[in-house]
Structures are given as C-alpha cells and as structure tokens.
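Participant: Got a structure for you, written out below as structure tokens; questions coming shortly.
The values are calculated or read from the model by the stated rules, or taken from the named source; none is laboratory data. Please read all numbers here as calculations on a predicted model, not as lab measurements. Here the Cβ is made from the backbone with ideal geometry for all residues, glycine too, and neighbour counts use every protein chain on show. To get the accessible areas, we keep the full protein, side chains included, count just its heavy atoms, and leave off ligands, DNA and RNA. Shrake-Rupley method; radii C 1.70, N 1.55, O 1.52, S 1.80 Å.
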Amino acid sequence: MAEHLDDKELLLQFKDEATREAAFTRIIKKYQEKLYWHIRRMVVEHEDANDVLQNMFIKVWKSLENFREDSQLYTWLYRIATNESLTFLQQQKKRSSISIDDEESPLTNKIKSDDHFDANKLEWKLQLAIQKLPEKQRAVFNLRYYEEMPYEEMSRVLETSEGALKASYHHAVKKIEEYILNG
Amino acid sequence: MHNNRNIQAELEGISPLIAGISNRNVYSVPDGYFEAMLADVLQTVQHFSSAEKAIPGFTVPEGYFEGLAGSIMNRIKTEISEESGALQALRSAETYTVPDGYFDALPGSIISRIQSGKEEGSVLLEPVKHINPYRVPAGYFEELSAEISSRLTEQPPAKVIIMQKRSSVFRYAAAAVITGLMGLSIISLLNNRQNTEKPSIAMTDVITDANKMLKEGDLEKQFSSLSDADIVNYLEENGEDVNAALVASVSEDKNLPDEEEYIFDDKTLDNLLNELNIKDNKTTTN
C-alpha cells in the first residue's frame, strides 16, 4: 500500500529524481483532504481554498528537497497551509473596500451565501462565531476542535508555546459560547 | 462530540454548550474535486520540472579553453585579410575624377597666384577691406579729449601716502638704531662711572659729541653725508633687520594696518611694504 508509506520513506523517494513525481503524488494524496479542510475553514469559500491549497503544494514541490527532516513532514505541511491561509486573508483584507463599520465581515457573508447555510442550525452558528475570532486564534481553535491536534504538535505548527495555545483555545471557546448565546 | 476523549473533556470543562455541538463538517466540496486538484497540481509541477530540465548545466567541449586563444587569433587574421582584400578593391575604384592634366598644371597655377598676390578670397575682399561699416557721432573725436579731462577733474582725489625720499628713509632708520645705541651706551657709562671714578678719554669725547648732536638736532644733517649702502651695511653688521628698521622709521602709526587685518589677510605686510615702496630694498640698494 503505497499510501501508507511513512513520511521518511516518501522523502527519500522524492530526493531520487526517478521516483520524485510518484513520491510527490503520494504525499498529496496522503495530506490533501486534511489540509484542504484546514484551509477551507480558514478561508470559507471552496475556490479560495482550492487556490491556497494548490499554491501551497507547488511551494512544497519547490522547497521539499531542502526540507529539514528534524521536523515532521506532517507538521511542516500544516505550518505552510496555515501561513498560506493567513497570507491569503491578509491580502483579501487589503483588497476589500468594506469599512470596518460594516456589520457583516466578508467571511460572514461567504458563510451565509453557502448553498447549505441554515441560520437555525447550531453547526452554522458555530461557523459564524468562529469567523468572529481573530485569525490566529481561529487557526488555534480549528486545529484543536476539528483536527483534534495535540498542543505539542500545534506548538510546532504555529511556533507558539503550548501554554499560550491552551490559553488561546480557552478564550476562543468562551468567545464562541458568548456569540452563540447572545449573538 | 469528539472521538478524542481528552479533547472532549477539555471542551466540556470550558463550555458544556460548545461541547454539545456536533463538530461535523458543514462544508462540502464538488464531486471529484480531490482527483482533479491532484491532476492540476501535478500538471503544474511537471511544467516546472520540464522547465528545469530545459536548462542544462553549462558545459564546454573537452579542451575548449586550451584551443580558444589560437582559434580567436586565426579568426582575427582571416577577417583582417578578408577586409584588406575588400579595401584593396575599393581603393582601386575611384569615385571622383579630375580634369585631364589637372595635377600637372596645379603647381604652376598656385605659384602664379602667389606671385600675383591675389588669392581667390582676397580678390573678393580687396575692394571692401578699407570700408569701415561702423560710424561715430559727428565731432566725437574732437570733443573726446575735453570730455575725458572734465571727467578726470570730477574724480575724488586719490589717497596720497607721504613718503620720504629714499635716501632719507635709510638715514632715519639708521638714526633710530644709532640713537638707541647711544642712549644705551650713555646709561651703561653712567653705571660704570659709579664703579670707576674716571671714564676713558675716547668714550668721554663720544658722549660729548653725541650730546651735542642730540641737543642741536642735527642728526639728520650728519647722516645725510652717508650713502644708502653704507647705512645698510652698518645696520646689518649690528644685527639689525633692515626692513623692520625701515618700516619703523618711515611709517606713521596712523598708516599702519590694524591687527585684525593681519589675521584676515596674510598679505597685509606685503601690501604695506609695497605701499611704502621699500620692500626688498636690500636687493635694490645693493
């Protein structure tokens, strides 16, 4: 089962020019869905998520040869995905002409414009509440709540101390609760 | 609800409300998206890959640099010889022509024109060379000298620096030095007299003559009989700075530059000497 090859084996195959493309295909297949959903929850729209995911994998192709194996490939990929998502959101903010006084943020509008959006369902209220969080805190919440990532790994992905991540997650949950109850 | 019990317990500890919400994915992706995405990324990556392969490492044939200099020289020689041949062919093909026998007749023609003194240009200019195209008002030259004279009288008088005659300048300088010496001698003699009862006869005579000259004021008259060269020699033999002595003797205090002028202009002293017309007098007098 090629998909079950561990990351070290995939990296070795990638360094061999004869097996490079095959190894890269396996890496994409192994991580594409996890990374897609992480990105999608950050940028909300599928088209945006697709752009960020493809750009991210192309960057991975260009720099994987120099990847330092002292960190896990899985952690490294999540770090790139998170940074690419945050960069994309920053660029979107700069391009957006919507005033900060507007009631609805662009991401809230995108959630509400989803074909399956239902304002009465808690799951969708939860999504609206998550988009109210600051971007970095949103990444912390998503990685813990949806990806169920241990703080130790999150610490490597976000390059933040575990204590700070725990505190950030705690405050994020409290903000979301407040929004759902009173929002 | 979370599969991970630790995460579920943590969430229940923070917010039972949030812990009770399903964490199922509310978003969806188009059918076959991940397969298509994989194909897109691989296509892009293959494009990069082929672009990288299209740029081979730069190599040169074996022994290229050893033969490079000789090869370049051979090409240069070939191009020079080809160029020479082309120039030679062009050189033989004259573009311009001259009348038959032109160069045979040219020297004689030039000589005859020189002898006649009529070069082509001067032939044209000859009739007009004495015609002045400019005009002056009628009677201008007649009135010019009178106008200049009248304007000269209107000019403010130039500053006049009163100078002694050169001959007397040296005399005053020498007199200043000698008077000083005589004064010092008298003071010295008076001091000595207290120690020795009788001064020498010769020195007594000198003192008597000096007192007479100072009393009668005819020191200038005495020096007028001396030449400039004798006075300069005397001053130099007595270790005096001739220029300094001259400046001290001929310039009045009111004509001397202020101290500040020496600071602002280092040629102030030269200018003063030039004004007094005594600079380098040693050279001029010798």
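Participant: Starting from the Cα of residue A:70, step 7 Å along the direction of its Cβ; do the same at residue B:267; then give the gap between the two resulting points in nm.
Facilitator: 7.6
Participant: Apply the Karplus parameterisation 6.51 cos²θ - 1.76 cosθ + 1.60, with θ equal to phi minus 60°, to every residue of segment A:27-41 and state each ³J(HN,Hα) to the nearest whole Hz, in sequence, with x for glycine and proline.
Facilitator: For segment A:27-41, the Karplus-derived couplings read 4, 4, 4, 5, 10, 4, 5, 4, 5, 4, 5, 4, 5, 4, 5 Hz, x marking Gly and Pro.
Participant: Under a 1.4 angstrom probe, counting protein chains only, how are B:2, B:47 ranked by accessible area, largest first? Walk me through the numbers before you get to the answer.
Facilitator: Details: B:2 20, B:47 120 Å².
In descending accessible area the options line up as B:47, B:2.
Participant: Relative to the longest principal Cα axis of chain A, at what angle does helix A:135-145 sit, 0 to 90 degrees, rounded to 10?
Facilitator: So the inclination is approximately 70 degrees.
Participant: Here's something else I'd like to know. Is there a simple number for the mean count of other chain Cβ atoms within 10 Å of the Cβ of residues in A:47-59, and what is it? Write out the running numbers ahead of the final one.
Facilitator: On the way: counts 0, 0, 4, 6, 0, 0, 5, 5, 2, 1, 7, 6, 0.
Per residue, the number of nearby Cβ atoms from other chains is 3 on average.
Participant: What are the ³J(HN,Hα) couplings of segment A:58-68, residue after residue, when phi is run through the Karplus curve with 6.51, -1.76, 1.60 and θ = phi - 60°? Round to Hz, x for glycine and proline.
Facilitator: 5, 5, 4, 4, 6, 10, 5, 4, 9, 4, 8
Participant: Now, a different point. Can you tell me the FRET efficiency between residue B:47 and residue B:9 if r is taken as the Cβ-Cβ distance and R0 is 35 Å, rounded to the nearest 0.05? Present the calculation step by step, with values, prior to reporting the outcome.
Facilitator: Values: r = 49 Å, r/R0 = 1.40.
Once rounded, the FRET efficiency stands at 0.10.
Participant: B plus A alone minus the pair: what accessible area, both sides summed, probe 1.4 Å, in Å² to 100?
Facilitator: Working: alone 24390 and 11040 Å², together 31690 Å².
Using a 1.4 Å probe, the pair buries roughly 3700 Å².
Participant: On a 20 Å Cα-Cα criterion, which of the cross-link pairs A:30/A:121; A:34/A:174; A:30/A:136; A:112/A:166; A:29/A:132; A:121/A:175 come out too long?
Facilitator: A:30/A:121; A:34/A:174; A:30/A:136; A:112/A:166; A:29/A:132
Participant: How much accessible surface does residue A:34 have with a 1.4 Å probe, in Å² rounded to 10?
Facilitator: 100
Participant: Tell me, what % of the accessible area of segment A:1-95 is carbon and sulfur with a 1.4 angstrom probe? Numbers along the way, then the final one.
Facilitator: Working: 2110 of 4760 Å².
Carbon and sulfur: 44 percent of the exposed surface of segment A:1-95.
Participant: Given a 10 angstrom Cα cut-off, can you work out which residue in A:157, A:43, A:60 is the most mobile in a GNM of chain A?
Facilitator: Evaluated over chain A, the most mobile residue of the options is A:60.
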